[in-house]
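The values are calculated or read from the model by the stated rules, or taken from the named source; none is laboratory data. Keep in mind that this is a model prediction, so the values were computed, not measured. Neighbour counts are summed over all protein chains in view; Cβ atoms, including those assigned to glycine, are modelled from backbone coordinates with ideal geometry. Side chains included, ligands, DNA and RNA excluded: accessible areas come from the protein's heavy atoms. Shrake-Rupley method; radii C 1.70, N 1.55, O 1.52, S 1.80 Å.
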Amino acid sequence: MHVELSNVTKVYEDPPQIVTALKDISFHVNEGEFLCIVGPSGCGKSTLLRMIAGLDHPSSGQIRFRGDLLTAPHSKISMVFQTFALLPWRTVIQNVEFGLEVQGRPKKERAEVAMDLLEMVGLKGSENLFPKQLSGGMKQRVGIARALAIDPEVVLMDEAFSAIDEFTAESLRAEVAEIHNETRKTFLLVTHNLPEAIELADRILVLSARPAKVKSIVGIEMERPRIQTDSEFVSIHRDIFALLQAELENSIMRHRLSGLKEFKRLRDMEDR
Amino acid sequence: MIFSLWESVSLSGLVSSSQLPALHDVILALIQLAGTPFFLAHVGQSFANVTTGVSLALVLVFPLALLVGMRSQLDQAITPIIMLVGALPDLAILTLLVTVIGRGNVAAVAISAFSAFFPVYFTIRQGVKEIPGDYFHVTSVFKAGRVQTFTKMILPSIFPNLVTGLRLSFEFSWNVLLAVEVIASVAGIGTFISSSIGSSAHSLTYGLAAIMTVGLITIAIDRAFFERFENRIKRWR
């Protein structure tokens with residue numbers, strides 16, 4: 001077990017409201033696997049990922065990495081961001097080197113590692129460009145290279161392909177699948193794009209609507225490369241989509257009910 | 001363009017030289033003054049006072065603006081006070097200062113710093129507020145400590161705002177200082193201008209020459225520092 005979540009609950013207090021984003025989430029991530037987390041929008045899947053990244057803390061429950069309790073960012077857990085989050089005043093290679101710089105690695109070593117990674121993500125020759133000169137896809141390649149530079153064991157991807165046009169995203173996904181295959185690092189991708197999850201994942205964790213619980217964990221046995229038009233792909237998509245759709249209706253129902261309750265409450269107050 | 005208009009108006013005799021000295025006369029006066037230790041001392045003093053004032057303001061305000069930009073609770077408590085103080089007229093503050101500290105360079109530097117406070121405060125505060133949250137996530141995930149987060153992320157991020165703030169501070173400070181040098185009884189271009197008025201037949205010429213000096217200094221500083229900074233920023237902005 002590489003990463004383990006036990007009874008993780010996340011509650012936000014905004015008096016007088018108390019919002020439970022995540023409720024009693026328990027699951028584990030196997031070493032070297034590609035796990036995708038899907039769920040309706042706003043269900044808290046990004047919050048979950050941020051907690052594993054050490055950027056947020058559970059209200060109760062535990063997150064363990066290699067058996068040790070996780071309370072802060074870990075040097076072996078890295079992250080790729082939906083917004084790319086490149087530092088604009090740094091060149092491509094300086095961005096990739098960021099984590100290594102923080103660690104105090106010598107200049108020569110940093111440059112070597114960074115150049116290797118830039119070649120791996122297909123950006124050789126662009127190392128001295130600034131982020132403003134890059135397309136979205138290129139920026140995310142830099143983001144991926146930066147995440148890999150510190151040689152992490154776990155790579156967290158928070159909707160990493162969601163801000164990129166579909167064509168570029170498609171090729172980027174294939175590259176990430178390739179990188180996963182070669183490096184055998186543990187990848188954790190949060191996405192609202194179900195076909196994307198099915199294409200990449202060894203297992204898919206389906207979260208329910210808020211308060212999010214683990215609705216289902218689906219293992220994907222298909223051989224790679226996975227074609228979205230294959231009948232097996234389509235059938236898996238249909239099943240999981242049905243799960244998600246039920247959740248979506250659930251959450252709409254719940255909103256309607258809570259809205260109704262609120263309306264009644266206010267009306268009762270007026271009557272008094 | 002303005003210069004050619006000025007010169008042609010003077011040469012045509014449209015305006016008498018006692019009302020508006022001709023440009024070439026002013027330039028000659030400027031060259032003459034530039035060789036005078038007396039004048040240069042005044043210029044130097046003004047410049048020193050402004051630079052000291054702005055530096056002082058920067059050192060005092062920078063940490064405050066940083067904190068306020070990062071914690072909105074502090075911001076809500078402190079910024080209204082700063083705005084209130086900033087609305088007070090500089091001249092009134094100076095009079096107060098002179099009463100308390102007495103006349104002299106200390107008061108001049110103080111008033112210089114006072115007028116420099118506000119541009120620096122607001123530009124840096126704005127810069128910090130505009131830092132995307134994800135940048136902080138990046139520094140956290142890659143385990144940058146407080147100092148590294150500051151040097152590697154916050155500082156470069158707000159550098160453009162800092163440049164703007166310094167530029168404005170410099171301008172405000174100059175203007176205020178020149179206006180109040182006489183009141184503070186310090187040496188400086190303002191004092192030079194007011195002391196030269198009425199002292200000779202060509203005092204207006206010399207006055208204009210002194211004003212032109214201020215303009216030239218500002219342009220020189222702009223070219224030497226601020227434009228260089230701006231070019232660096234333009235590479236990545």
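Odds and ends about this structure:
- Inverse of mean 1/r across different Cα pairs in segment A:1-49, Kirkwood, Å: 12.2
- Cα-Cα pairs of segment A:50-202 separated by more than 23 Å (percent): 36
- Per-residue mean of foreign Cβ neighbours for B:128-141 is 5 (Cβ atoms of other chains, 10 Å radius).
- Solvent exposure of segment B:1-155, expressed per residue, is 54 Å² of accessible area, with all protein chains present and a 1.4 angstrom probe.
- Rounded to the nearest 20 debye, the dipole size of the protein assembly as shown about its Cα centre is 920 debye, using +1 on the Cβ of Lys and Arg and -1 on the Cβ of Asp and Glu.
- Environment charge of A:Lys185, counting only residues whose C-beta is closer than 11 Å and scoring Lys/Arg +1, Asp/Glu -1: -3
- Radius of gyration, Dmax [segment A:1-137; alpha carbons; angstrom]: 18.3, 55
- Convex hull volume per residue, computed on the Cα atoms of segment A:117-196, equals 93 Å³.
- The B:Phe159 and A:Lys108 beta-carbon pair, evaluated with R₀ = 25 Å, returns a calculated FRET efficiency of approximately 0.35.
- Antiparallel beta bridges, as assigned by DSSP with both residues in chain A, represent about 55 percent of the total such bridges.
- What you get for segment B:70-205, charging only the Cβ of Lys and Arg (+1) and of Asp and Glu (-1), is a dipole of about 440 debye around the Cα centre.
- Ligands, DNA and RNA are left out, and with a 1.4 angstrom probe the accessible area of segment A:77-227 is 39 Å² per residue.
- Compactness of chain A, taken as the C-alpha radius of gyration over 2.2 N^0.38 Å, stands at 1.11.
- Residues whose amide H lies under 5 Å from that of A:Met79, counting only those 5 or more places away or on a different chain, are A:Leu156; hydrogens are built 1.01 Å from N in the peptide plane.
- Accessible surface for segment B:157-237, divided over its residues, is 50 Å² per residue with a 1.4 Å probe.
- Fraction of accessible area attributable to carbon and sulfur, chain B (%, probe 1.4 Å): 68
- Toward the positive end of the charge dipole of chain A, with +1 on the Cβ of Lys and Arg and -1 on the Cβ of Asp and Glu, the farthest Cα among A:Ser26, A:Ile236, A:Met115 is that of A:Ser26.
- Principal-axis analysis of the Cα atoms of chain B puts helix B:23-34 at an angle of about 70° to the longest axis.
- Ellipticity estimate at 222 nm from DSSP helix runs (n ≥ 4, -39,500 (n - 2.57)) divided over chain A, nearest 500: -13500 deg cm²/dmol
- Note that segment B:71-87 has calculated 3J(HN,Hα) couplings of 10, 5, 5, 4, 4, 5, 7, 8, 4, x, 5, 4, 5, 4, 5, x, 7 Hz, one per residue in order, obtained from phi through the Karplus relation 6.51 cos²θ - 1.76 cosθ + 1.60 (θ = phi - 60°); glycine and proline are x.
- Legend: mean number of C-beta atoms from other chains within 10 angstrom of residue C-beta atoms, peptide B:82-88, equals 0.
- FRET efficiency, 1/(1 + (r/R0)^6) with R0 30 Å, evaluated for B:Gln76 and B:Leu40 via beta carbons: 0.05
- Kirkwood Rh and Cα Rg combined as Rg/Rh, chain B: 1.08
- Share antiparallel - DSSP beta bridges, the protein assembly as shown, percent rounded to 5: 55
- Coil-residue GluC sites (Glu not before Pro) of segment A:181-238, DSSP, other Cβ within 10 Å capped at 12: A:Glu221, A:Glu223
- Normalised by 2.2 N^0.38 Å, where N counts its residues, the alpha-carbon radius of gyration of the protein assembly as shown equals 1.37.
- Pairwise Cα distances in segment B:22-147 exceed 24 Å for 51 percent of all pairs.
- Candidate membrane-span-like segments in chain A, meaning DSSP H helices with Cα atoms spread over at least 18 Å of their own axis and a Kyte-Doolittle mean of -1.0 or above, are A:107-120, A:136-149, A:166-183, A:231-271, with no membrane implied.
- Amide H contacts under 5 Å for A:Phe34, placed H, 5+ residues apart: A:Phe187, A:Asp202, A:Arg203
- In segment B:86-201, taking the dipole from charged Cβ atoms about the Cα centre, the farthest positive-side position among B:Thr191, B:Ile154, B:Asn175 is held by B:Ile154.
- Cα principal axis extents for segment B:102-237, largest first, Å: 71, 36, 18
- The alpha-carbon positions of segment A:147-266 define a convex hull whose volume is 143 Å³ per residue.
- Largest first, the residues A:Ser46, A:Ser78 sort by 1.4 Å accessible area into A:Ser46, A:Ser78.
- Relative contact order, percent, segment B:1-148 [alpha-carbon distance under 8 Å, six or more residues apart]: 27
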